[in-house]
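J.: The structure that follows is given in the form of structure tokens.
The values are calculated or read from the model by the stated rules, or taken from the named source; none is laboratory data. Computed from a predicted structure; not experimentally measured. Note that each Cβ is placed from the backbone with ideal geometry, even for glycine, and that neighbours are counted across all protein chains shown. For the accessible areas, the whole protein counts, side chains as well, though only heavy atoms, and no ligand, DNA or RNA atoms are used. Shrake-Rupley method; radii C 1.70, N 1.55, O 1.52, S 1.80 Å.
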Amino acid sequence: MSSLRHMNDPFETKIGLDIISELLYDVFPELRNRIDWDRINNEYFLGCSFSLNGDVLSQWRAYTDNGNGFSLGFNSEKLSNCNKEDDYKGLKIPNRHSLDKIFYNKDDFCSHVNNYLTDYRAEYGIPSEETSYPKKKLSKFLHSLFRLSCFYKDSFYAEEKEIRYIVPSSRKLIINPIMKEDKEFDFRASDIGLTPYSKLKIAKNEIHAIEEIVLGPKNESIIQDIELFMNINGFHNIQIYKSKGNYR
């Protein structure tokens, strides 16, 4: 899961936030002039992208060495369970992960945001700096708005049919001496510079989330070899097959 600021879409989260900022004051006029949008933009989220379609030519070309790689199919429920909580030296960190479809249609996203805002107001009222229940702090409300923005992208990317797994990343966890040996994320070099990332768990307590493996149209691997490799590494009952497409 890499920083959303380092994705292929240079306007990642920005266009979502622009839409949210247009709709927010219709539901919460009391918050006008109280929202620091620069503060929201400083939120730090890591994300991992999946697709609803695991055998598409454009995806093979873009992400798998021009069709020589593999496409892995995951069980979304098992994937969520594998990442439900992390245990840092016995200290439980609540589930902060989100797995959901990306919106590519602006009208659909606007409807989703409006429903969220109206439901929020009906349940919690106007967010403030008070902490007594059922009041919600303004900072947590702003955090939820940024989370919403992570699930909208321009229709240019609609062919990818993306399912996104995201998690907010707290810098406080990194400098906390209790957790200093278990960094919340690490860094790698990428085309966009130094990129923060965190590893997504695909197995936990003898349960794994992989359900299928598709060999790319140029992948010459033998299916039996892949099956043996997966079995040796503890991954069983996986459907393995070749891409339905052919090209060279």
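J.: Restricting attention to segment 30-56, report how many residues are at pLDDT below 95, over 18 Å from the mean Cα position of the chain (by Cα) and open to solvent by 30 Å² or more (accessible area, probe 1.4 Å).
T.: 8
J.: Among the residues of segment 220-241, how many are outside any loop (DSSP other than H, G, I, E, B) and more than 26 Å from the chain's Cα centre (by Cα)?
T.: Matching residues across segment 220-241 total 10.
J.: To continue, here is another question. Applying the selection to segment 214-231, what residues are closer than 21 Å to Asn75 by Cβ and among the aliphatic types (A, V, I, L, M)?
T.: Selection gives Val214, Leu215, Ile223, Ile226, Met230.
J.: Consider segment 71-126. How many of its residues are closer than 16 Å to His143 by Cα, modelled with pLDDT of 95 or more and among the aromatic types (Phe, Trp, Tyr)?
T.: Total satisfying the criteria: 1.
J.: Of the residues in segment 1-29, how many are open to solvent by 60 Å² or more (accessible area, probe 1.4 Å) and under 15 Å from Thr195 (Cβ atoms)?
T.: 3
J.: Looking at segment 195-219, which of its residues are closer than 25 Å to Asn66 by Cα and assigned to a strand (DSSP E or B)?
T.: Thr195, Tyr197, Ile210, Glu211, Glu212, Ile213, Val214, Leu215
Conditions (1) among the charged types (D, E, K, R); (2) crowded, with 17+ Cβ neighbours inside 10 Å, marked per residue:
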| residue | (1), (2) |
| --- | --- |
| Gly193 | no, no |
| Lys199 | yes, no |
| Ile207 | no, no |
| Pro217 | no, yes |
| Asp225 | yes, no |
| His236 | no, no |
| Gln239 | no, no |
